[in-house]
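What follows is a short report on a single structure.
Laboratory data are not the source of any read-out in this text; all were calculated from the coordinates shown. Keep in mind that what you see is a predicted model, and the values were worked out from it rather than measured. We place every Cβ from the backbone using ideal geometry, glycine too, and count neighbours over all the protein chains shown.
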Amino acid sequence: MSARRCRVRQLLSLVCGGAALSVLAPALLAQAARPAIASTPGSGSPAALYQRGMYDQAIAAAEQALNGAAATPANAVVLVRALVDVGKPAEALQRAAKWRGHPEVSPAFARAFEMLGKLDDADEAWSAAARGIDSLYARVERLRLQRDRGGADSALVRMNRLLVAVDARGGARTASEFHAMAAASRLLGRLDAQRYKDALRWYDRALVLDATRLDARVELGEMFLEKFNFADARTTLQQILAVNPRQPRALAALVRLNALDGQRTPRDPLLQLLSVNPAGADAHALAARRLIDAEQYDAAVVEARKGLVTDSTAPGPWVAIAAARWLALDTAGHRAALERAHRRLIGSASAEVELAEVSARNRLYGDAVKFARAGVARDARDARAQALLGINLLRIGQVTTARSTLERAFALDPFDVWVKNTLDLLDAYAKARTMPTDHFDLVVEPGDADVMSLYAGPLAEEAYAALTTRYGFKPSERVRVEFYRSHADFSVRAVGLAGLGALGVAFGNVLVVDEPPARDRGEFNWGSVLWHEFAHTITLGATDNRVPRWVSEGLSVHEERRARREWGGGVTPMLIAAYSANRLQPVSRLNDGFVHPRYGQEVILSYGLAAYVFEMLEEQKGMAGIRALLNGYRVGQRTPQLMQQVYGLDSAALDRTFDRWFRTKFAREFAAVRGEVRTGADGEPITELAGPLRDALTAAATAMQQKQWPQVVAAAQRAVTLFPEWAEPGSGYHFLVAAHTALRNTTGARGALAAITARNGDAVDENITLAGLLEASRDSAGAIAALGRAALADPFDAKVQARLAELTFARRDWPAAIRARRTVVALGPTDRADALYRLAQTLAASGDRTAARREVLRALDLAPNFEAAQDLLLSLRASGKTP
Amino acid sequence: MSKVRNAGRRMTRAIGLVALTLLAVAARPLRAQDAGATYLVVIAGVSGEPRIGTEWHGMAMALATAATQRFGIPSARVIVLEQDSTRDAGRVQGRSSKVTIERVLGGIARTLTVADRLVVIVLAHGSSLTGETRVNLPGPDMTPADFARVLAPATAPTIAFIQTGSASGEFATALAGPRRIVITATKSAREQNETLFPGPFVRALTTDAGDTDKDGRVSLLEAFTYAQHEVEQVFTKGSLLPTEHPLLVDGAEGGRARTFHLASTASLAAAASSPATAAALTARAEVQARIDALRARRSTLSEDAYLQALEPLIVELAERTRALRATPPVVKP
């Protein structure tokens, strides 16, 4: 561990920075140190047109120049490179044929040959280029090609010798040479990770000398992306695309970046990429990957094949086909495609890395382990393969093996932020306590373990009993639930980086959940999250992890709602507005709402909608239908086929049926809310709330500003009549609470608070206030219920627990009183002796004299002269009577 | 010199386990020095903003009231100095300027006998912007060295010095010494945020909240531990990075602070002057000593075995306590 700590400082200088890495220190090398791209040469010149991505114009201008007085190598380079960028390498070779062998044009020829898969010709072209002014760069690229063709580390050894020779002659001098040094160092990082830092330095130097060198900047952006430094990667790519919005490699990197960090750009870079180069192997491989994530495996294969038109051996599309075939349970097709990919990826783990990533994205963590392990077998020095193996072992609960694997990955590449963060987390979490229940191992940080076990254990077992019965499926192993006090730690555990918006993650039989202190009170209910995640355990397990995301999420939210009325969110005005404005996918394509959201709120709204789909399906055919659906997924069937088979609905009928059901169920809400779509400041369409509900809420807000409380009550009452199920902050009920409180109408406030707490499981403070009002009106049963909800949502509130203990004691509800008293003790009160005494008192009252005696002795151990405790002890000893 | 640091909650708990109770102390034949006088000096510095000034004044008054009414310290030995000496006229004896503080503390320090005790509680912001820790007072500030110089004549009596403000850690070094108890809100001069420590510390001393061993009195160690815990809770609950780490230095691993109560020793003498009470107290002290002996062996026993061994001793102690209740009432502070 100490070695890793030491490395962290080095890491900072390379890959830290940005919100995604908020657990680490800010970057020492900021983008500001890197020069912006300078203006391009002569705006109408072929080179300038090329630099700006005006490929057609550049091609025409270059050809015209070559046919006229300006038949220069530079214009030939532009012609070839522009044609390569738009996916016409063969045409490039043909149209610039007379320049073949020219040292200055040869690098462009080499790229064209590589795109065509003619690697011998490419090697020859790099060799020719080595005789020109970019000699060093050409020699590095030639060695890179040799390595890719199976030369493996011997090519890198020669590359290292090359750099040593450059150093010996006084180092690099030109932008081209610094670029070459950077590219070589980046490759040599595989043998010595410190070379990544050299690469960064040399790229910077090359860009200082020639800020227009887009290739170098693209490689820099790709390197940031490889190290999960999303912020610097995005900045770098944006710098490139600001100059050339059609730069193919930058667009491809942006597609990957968006997929990784979840951000969107106004224009889809994949569509842009395909428009620039409709035949690009990378572009079609990326498009196929998207279709795979949308579970359209056959379409993914068709898409990937389009990337094989120019080069039938291109590995990217073959890997995509292998992935699609695997997910479609076509083992033979998978093997065949993978074998084709391996023909080009000699000794490389990159196919397996991609397959492991695709598997993990599709929740097939066991498969991800299998592929990552195969990748390590092919290339043990592939840090990414090692990292994926470790991360996915962790996801399936093999913590010890995962750690040692991650340590190996870190040794190979200490600049992988994901690995570094995860190892740090494992260090910090090493002292966590494991508390077994009948079916779960609850893993909690030591300070919170006693409190969480009192609440999480019973709730987890309740979920187990309920869901295993409903689904007729029991997990094959004990379920490990890890709780995290820090949301950043939770996020690192889930995705390797801080900043994940989710509250819980299910990896099958391993669940990762935020503890209540991880978020501000009122933001979430950890109990509903635990229930939700355990429902995933069931649906993933019942389908061998082949359940589509929208089905798994929909069922999880549906189960939340069934478990407690106040859980699961319920219907909201935004859901109705988005639905009525056609801003949500129809049921038949709802998975896209999760995996390819078109706007920020689409995912969360899709959760809510998907749950209603399963409410409808359960109404139709009960759990038998849902079980049949899950069984079908387990054997590889797809949604359209299953919906037809189980419910007799084709895709169109499914969409129509649900639409009718949803609009009927929420007819009142649809009448109250409209969604109006307008274009936001960033150019993205946004849905705004319109209709009578908005009018009522606006009237309530206006009246409240003027403290016209009767008018607030009237308007808010209209709002809750229009949309009674909505009880999030800002709802009509919240206005009613404020107004009734101001009017000292406790009955009205109580009613509004009761409505909120019955519908909103996050409403801790509202429950506490309600409990106070109910207690004042001598409704102790109601007060206990409200405090119970508050205590479940936030067990760490000592005052709530103490009050709950008193009220339940008075009503002789011993189990509840004992749990509350035990929680107070577990919270580590300053006056521990008193807390133990009160626990003992409650235990004695419940008739558990043995436990009472033990706890009172613990109290007296701390405070021997505690007279009340002494009296209790004497009383316990004196007779069988409870005090 | 040994220190009880905030990370050492475990240690303070351990100390608590071997604590002598007040009554056990009282049961000893009183020595001449036990009857010494206790002085309390409360200094509130420049608040900077009215809210803090009001809070400090409230704390100062609470301490002064508790000193006379709960602890039996004569009002003549309770001195409150504040930035505004006209506030609460009659209860604030002077302005908390350097000159006044030096005069008051210097005067007391020169007159203290070996049996006397001086408690100084400072409610003031500290800073160390110039590299030297200072307590912000009206007019010239004072440094830890200034306080050390003023108190230097009092080498024999017990002095408890509590600086509850920011950047107070340096006091632990500057004022430490034999028969000295120094409590600071921060562990170093670098912790310069407004401190949370003074509120719970004063609450612990002036109410029953800090009496965690249920002996009816609050020791300085109990008050410190209570405040330390309350401060920790604020940071833990809010998932905040702690900006203050309270420190206690008494040269005895907290032992001196554990037996230091603000209650005047004169009241103990009065309690023990009743023969019946003295006998009952002696009997209880003997049981308490056996409990302490058992606690010393605790690490060698399982919890079950320990509690089993503890129970008869506690029962005996409880019976002694009941007997004590039957005797004429003890003068409780």
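May I ask for log10 I(q)/I(0) of the range B:60-181 at q = 0.23 Å⁻¹, from a Debye sum over the Cα atoms as equal point scatterers with solvent left out? The computed values of log10 I(q)/I(0) come out as -1.56.
For the range B:108-149, a crude dipole built from +1 on the beta carbon of Lys and Arg and -1 on the beta carbon of Asp and Glu, taken about the Cα centre, is about 120 debye to the nearest 20. Per-residue 3J(HN,Hα) values for the range A:161-171, derived from phi via the Karplus relation 6.51 cos²θ - 1.76 cosθ + 1.60 with θ = phi - 60°, read 4, 4, 5, 4, 5, 5, 4, 5, 8, x, x Hz in sequence order (x marks Gly and Pro). Directionally averaged projected area (the range A:457-596, Cα convex hull): 9.2 nm².
Compared with the dominant principal axis of the Cα atoms in chain A, helix A:350-361 is inclined by about 30°. With N the number of residues in the range A:531-626, Rg(Cα) / (2.2 N^0.38 Å) evaluates to 1.03. Rg ratio for the range A:196-244: its Cα radius of gyration over 2.2 N^0.38 Å, N being its residue count, equals 1.04.
Each eigenvalue of the Cα gyration tensor of the range A:620-744, multiplied by 5 and square-rooted, gives one semi-axis; in descending order these are 42, 19, 13 Å. Converting the Cα gyration tensor eigenvalues of the range B:63-125 into ellipsoid dimensions via √(5λ) gives semi-axes, longest first, of 19, 16, 10 Å. Over every Cα atom in the range A:379-523, the radius of gyration and the widest Cα-Cα span, Dmax, amount to 15.9, 49 Å.
Ignoring lysines fewer than eight residues from A:LYS98 along the same chain, the ones with Cα atoms less than 28 angstrom from its Cα are A:LYS88, A:LYS118. Overall shape: oblate for the range A:712-770, with the ratio a/c of the largest to smallest alpha carbon gyration tensor axis at 1.5 or above and b/c at least equal to a/b.
Across the options A:GLY625, A:ALA304, A:ALA332, the greatest Cα extent toward the positive end of the charge dipole of chain A (unit charges at beta carbon of Lys, Arg, Asp, Glu) belongs to A:ALA332.
Dipole magnitude for the protein assembly as shown: computed about the Cα centre from +1 point charges on Lys and Arg Cβ and -1 point charges on Asp and Glu Cβ, it is near 1260 debye.
Pull up the DSSP beta bridges for chain A and report the antiparallel fraction as a percent, rounded to 5. About 60 percent, rounded to the nearest 5.
Compactness of the range A:680-728 is given as radius of gyration and Dmax, 13.3, 41 Å, from Cα positions.
Note on the range A:345-463: percent of Cα-Cα distances in each 5 Å bin, starting at 0 and stopping at the bin with the largest distance, equals 2, 12, 18, 18, 16, 12, 10, 7, 4, 1, 0.
Here the simple spin-label model places points 7 Å from the Cα toward Cβ, and for A:ARG343 and A:THR664 these points are separated by 5.7 nm. 3J(HN,Hα) along the range A:690-699, derived from phi through the Karplus expression 6.51 cos²θ - 1.76 cosθ + 1.60 where θ = phi - 60°, amounts to 9, x, x, 5, 4, 4, 5, 5, 4, 4 Hz, with x in place of Gly and Pro.
Close amide H partners of B:ARG117, meaning residues 5 or more places away or on another chain with modelled amide H under 5 Å apart, are B:ALA37, B:THR38, B:TYR39.
With only Cα atoms counted, the range A:345-398 has Rg and Dmax values of 9.8, 32 Å. For A:ARG305 and A:ASP120, the FRET efficiency from 1/(1 + (r/R0)^6), where r spans their Cβ atoms and R0 equals 30 Å, is about 0.75. The residue among A:THR537, A:ALA322, A:VAL712 whose Cα reaches farthest toward the positive pole of the charge dipole of the protein assembly as shown, with charges on the beta-carbon of Lys, Arg, Asp and Glu, is A:THR537. Here the extension length gained between A:ALA165 and A:ALA502 equals 116.2 nm, from 0.36 nm per residue of separation less the Cα-Cα distance. Please list log₁₀ I(q)/I(0) at q = 0.16, 0.21, 0.22 Å⁻¹ for the range A:404-477, using the Debye equation with identical point scatterers on the alpha-carbon positions. With one equal scatterer per Cα and no solvent, log10 I(q)/I(0) is -0.75, -0.87, -0.90.
Across the alpha-carbon set of the range A:258-387, the Rg to Rh ratio works out to 0.96, Rh being the Kirkwood radius. Each part reduced to its alpha carbon centroid, the range A:603-645 and the range A:664-683 end up 26 Å apart. Placing unit charges on each Cβ (+1 for Lys and Arg, -1 for Asp and Glu) gives chain A a dipole about its Cα centre, and among A:ASN582, A:ALA294, A:LEU736 the Cα reaching farthest toward its positive end belongs to A:ALA294. I want to make sure I understand the PRE zone here: with the label point 7 angstrom from the Cα of A:ARG812 toward its beta carbon, which residues in the range A:836-854 have backbone N atoms less than 17 Å away? Under cut-off, by backbone N: A:842-849. Computed from the Cα positions only, the extents of the range A:70-147 along the three principal axes stand at 31, 25, 17 Å, in decreasing order. Computed from point charges on the beta carbon alone (+1 for Lys and Arg, -1 for Asp and Glu), the dipole magnitude for the range A:294-356 about its Cα centre is near 240 Debye.
Computed per residue of the protein assembly as shown from DSSP H runs no shorter than four, each worth -39500 (n - 2.57), the mean residue ellipticity at 222 nm is -19000 deg cm²/dmol. Against chain A, whose longest principal axis is taken from its Cα atoms, helix A:2-15 shows a tilt of about 60°.
The calculated P(r) of the range B:142-287, using every Cα pair and 5 Å bins from 0, goes 2, 9, 16, 18, 18, 14, 9, 6, 4, 2, 0 in percent.
At full extension, A:GLN645 and A:ARG173 could sit 163.0 nm farther apart than now, given 0.36 nm per residue minus the alpha carbon distance.
Using the Cβ-Cβ distance between A:THR721 and A:VAL399 with R0 set to 60 Å, the FRET efficiency works out to roughly 0.65. Only Cα sites of chain A enter the Debye sum here, all with the same form factor; the resulting log10 I(q)/I(0) across q = 0.10 1/Å is -1.18, listed in q order. Please give every one of the lysines within straight-line cross-link reach of B:LYS237, meaning a C-alpha to C-alpha distance under 25 Å, and leave out same-chain neighbours fewer than 8 residues apart. Candidates past the 8-residue exclusion: A:LYS431, A:LYS799, B:LYS187.
Backbone N atoms of the range A:518-557 closer than 11 Å to the 7 Å Cα→Cβ label point of A:ASP438 are not found in any residue.
Straight-line reach from A:LYS420: taking Cα to Cα under 13 Å and skipping same-chain neighbours fewer than 8 places apart, the aspartates and glutamates in range are A:GLU407, A:ASP489.
Taking 7 Å steps out from each Cα toward its Cβ at B:ARG149 and A:ASP682 produces label points 6.2 nm apart. Residue-wise HN-Hα couplings along the range A:598-605, as the Karplus relation 6.51 cos²θ - 1.76 cosθ + 1.60 with θ = phi - 60° gives them from phi, are 8, 8, x, 8, 4, 4, 5, 5 Hz; Gly and Pro carry x. Computed from label points 7 Å out along Cα-Cβ, the spacing between A:SER154 and B:GLU286 is 9.4 nm.
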